[in-house]
Every structure is written in structure tokens, then in C-alpha cells.
Amino acid sequence: MIRLHTLGAIDLRDESGREVRAVLAQPKRLAMLAYLAAASPRGSHRRDILLGLFWPELDQDHARNALSKAVHFLRRSLGESALVSRSADDLGLDGALVWSDVAAFGAAWDGNRTEEALGLYRGDLLPSFFIPDAPGFEQWLEQERASLRLRASEAARLRAEWYEAGGDAAQAIECARRAVALSNGDERLLRRLVELLDRLGDRSTALHAYDSFAGRLAAELEVDPGAETVALIERIRAAVSARASPPAEPVAPNASRDADAAPSLIGQVD
């Protein structure tokens with residue numbers, strides 16, 4: 001089976017495990033392959049949509065010719081049956097011949113297999129990937145990246161709750177951290193992580209997680225955490241301060257009375 005990886009890294013291997021360099025060296029054709037594998041709904045996609053995404057600068061005839069050449073190239077590189085058409089107007093991938101990590105992630109997510117989904121999500125879709133003169137594709141890519149990140153973040157949150165319920169604190173914290181890292185500044189996920197660390201008694205790590213999150217909000221969005229998050233962290237800071245403050249020195253119960261009595265004792269000796 002041909003294997004296409006686009007999450008966190010870009011890789012394409014044939015049935016023997018060899019890198020398909022011919023496709024990897026053709027960014028626009030690789031982009032079209034990735035789109036066919038990742039775009040929703042899964043299955044076939046209209047050719048006129050592909051024309052607008054990848055060849056918007058060309059007139060209809062030249063765009064169709066460019067699409068035909070791309071299809072011929074991909075079939076020659078991956079096998080004639082890799083790309084399929086139900087009609088002259090659509091195009092798709094044969095899922096039995098081409099495996100995609102994005103499609104596998106989507107199937108795991110839809111099937112509530114959150115552990116499998118997290119294992120498949122190794123980073124952003126098509127990281128650092130760009131093709132010129134294709135604004136429609138760039139817009140789709142940004143939206144799909146954001147959607148996949150949010151689903152991965154939610155999967156991590158659900159795993160964190162599952163591990164905490166099972167008493168596995170280390171795994172619960174790891175998944176809660178990942179949920180925060182993948183979210184787009186979702187303070188609810190941060191509060192869950194902070195509350196989890198607080199319940200486990202690791203308040204210094206909870207404060208560090210908050211500081212990192214607040215710094216990220218300031219740098220990326222130029223906003224501060226909300227009132228509910230600030231109130232939670234102030235409560236934890238107060239608990240840390242109270243625990244760190246040394247207890248007051250105890251006063252001897254009869255110290256002042258003994259001091260007052262001292263002169264009379266001296267007078268008696270005289």
C-alpha cells in the first residue's frame with residue numbers, strides 16, 4: 001500500500017517502502033495529492049474545484065490541460081489505479097491502495113478512538129508547505145490545519161480525563177499539557193491542567209504552566225488571561241505563599257511575668 005504522511009512531516013512511500021521522490025519534488029502535484037487525501041468530505045472531488053484551487057491563473061482550457069497532466073503524472077508515479085474517477089467530472093483516491101495519515105486520523109476521531117488519533121497526529125498538516133499562485137489552496141490549508149489541531153487538542157483533553165480517572169497522574173498531565181499546547185489559547189484547557197496539577201500538589205508546575213500560557217497569549221494575541229483564570233492562579237499563589245511563610249516564633253507562656261518578678265528577687269537578696 002502507498003503511504004502518504006502529511007501531519008508533522010511530509011513523506012510518500014510506495015508499496016516497497018521506497019520514497020516516491022518524483023512526486024515529492026513536484027510541489028503543486030503533491031499538494032493536489034494531499035488535498036485529495038485530506039479534504040472533506042472524503043471521497044471524490046469535483047474537477048472544477050481542483051482547477052480553481054491549483055490553477056486559478058489559467059483559463060479553462062489550459063487549467064484542464066494542467067490537471068490532466070497532473071493526473072497522468074500521479075498515476076504513472078503511484079499506479080494507474082491510485083486515482084479513481086466515478087465520472088468525467090470528479091477525481092479521488094482509492095483508499096484501498098493509498099493510505100493517508102489524515103484520513104486515518106479522521107476515521108479514528110469519528111470512531112472515538114482518541115488514543116489512536118493522538119498517535120497519528122504528529123504535527124500540523126503540510127508543515128512549512130507553500131505553493132505560489134494558489135490562494136484558494138492556501139486558505140483551505142490554513143482552515144484544515146486549524147480544524148485538525150482543534151480535534152487533536154480535544155482528543156488530548158479526553159485522554160487526560162481518562163488517565164486521571166484511572167489514577168495515572170503522569171499520563172494525565174502529559175495529555176493535559178498537549179491539549180493546551182494544541183489549542184488556540186483555550187483558557188478552559190489551561191484551567192483544567194492547572195487544577196489537575198493543584199489537586200496533585202504540584203503547584204509550582206501549575207504556576208509555571210500559567211506563566212507560559214500567559215506569555216503565549218501576550219506574544220501571539222496581545223491579550224491577557226481572563227478573570228476566571230486569573231482568580232484561579234491567584235488562589236494557587238496564595239496557597240504557595242502561605243505554605244512558604246515560616247510560622248511565628250512561639251512566646252514563652254510566663255516570659256513577661258518572670259521578667260516583672262526579677263527586680264523583687266534581686267531586692268530580696270540584698
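Assorted remarks:
- Pairs meeting the criteria (first residue in the stretch 39-67 and more than 29 Å from Phe105 (Cβ to Cβ), second residue open to solvent by 20 Å² or more (accessible area, probe 1.4 Å), beta carbons under 6 Å, at least 6 apart or on different chains) are Glu57/Asp133; Ala63/Trp55; Ala66/Trp55.
- Applying the set (1) crowded, with 21+ Cβ neighbours inside 10 Å; (2) over 13 Å from Ala38 (Cβ atoms) to Glu115 leaves exactly one unmet item: (1).
- When residues of the stretch 190-202 are limited to those that are open to solvent by 70 Å² or more (accessible area, probe 1.4 Å) and basic (Lys, Arg), the one nearest to Arg178 (Cα to Cα): Arg192
- Residue within the stretch 9-19 that is without any contact (Cβ under 8 Å) to a residue 12 or more places away in the chain and within 20 Å of Pro135 (Cα to Cα) present: no
- Residues (outside any helix (DSSP H, G or I) and charged (D, E, K, R)) located in the stretch 181-225: Asp186, Asp202, Glu222, Asp224
- Test result for Arg177, in a helix (DSSP H, G or I), under 11 Å from the mean Cα position of the chain (by Cα) and in contact (Cβ under 8 Å) with a residue 24 or more places away in the chain: yes
- Condition met for Glu220 (open to solvent by 60 Å² or more (accessible area, probe 1.4 Å) and within 19 Å of Glu174 (Cβ to Cβ)): no
- All strands (runs of 3 or more DSSP E) inside the stretch 5-112 with 1 or more residues being surrounded by 20 or more Cβ atoms within 10 Å (Cβ to Cβ), over 30 Å from the mean Cα position of the chain (by Cα) and modelled with pLDDT of 95 or more: 90-93
- Condition check for Arg122 on (1) touching a Ser or Thr at 6+ places or on another chain (Cβ under 9 Å); (2) open to solvent by 50 Å² or more (accessible area, probe 1.4 Å); (3) within 21 Å of Ala108 (Cβ to Cβ); (4) part of a loop (DSSP other than H, G, I, E, B): one failure, at (1).
- Pair list, Cβ under 9 Å, 6 or more apart: the stretch 226-237 residue assigned to a helix (DSSP H, G or I), other residue among the polar types (S, T, N, Q): none
- Residues being more than 20 Å from Ser183 (Cβ to Cβ) and open to solvent by 50 Å² or more (accessible area, probe 1.4 Å) - total across the stretch 128-168: 10
The values are calculated or read from the model by the stated rules, or taken from the named source; none is laboratory data. Owing to the predicted nature of the structure, the values given are computational and were not obtained by experimental measurement. Please note: Cβ atoms are built from the backbone with ideal geometry, for glycine as well, and neighbour counts cover all protein chains shown. Heavy atoms of the whole protein, side chains included, go into the accessibility calculation; ligands, DNA and RNA do not. Shrake-Rupley method; radii C 1.70, N 1.55, O 1.52, S 1.80 Å.
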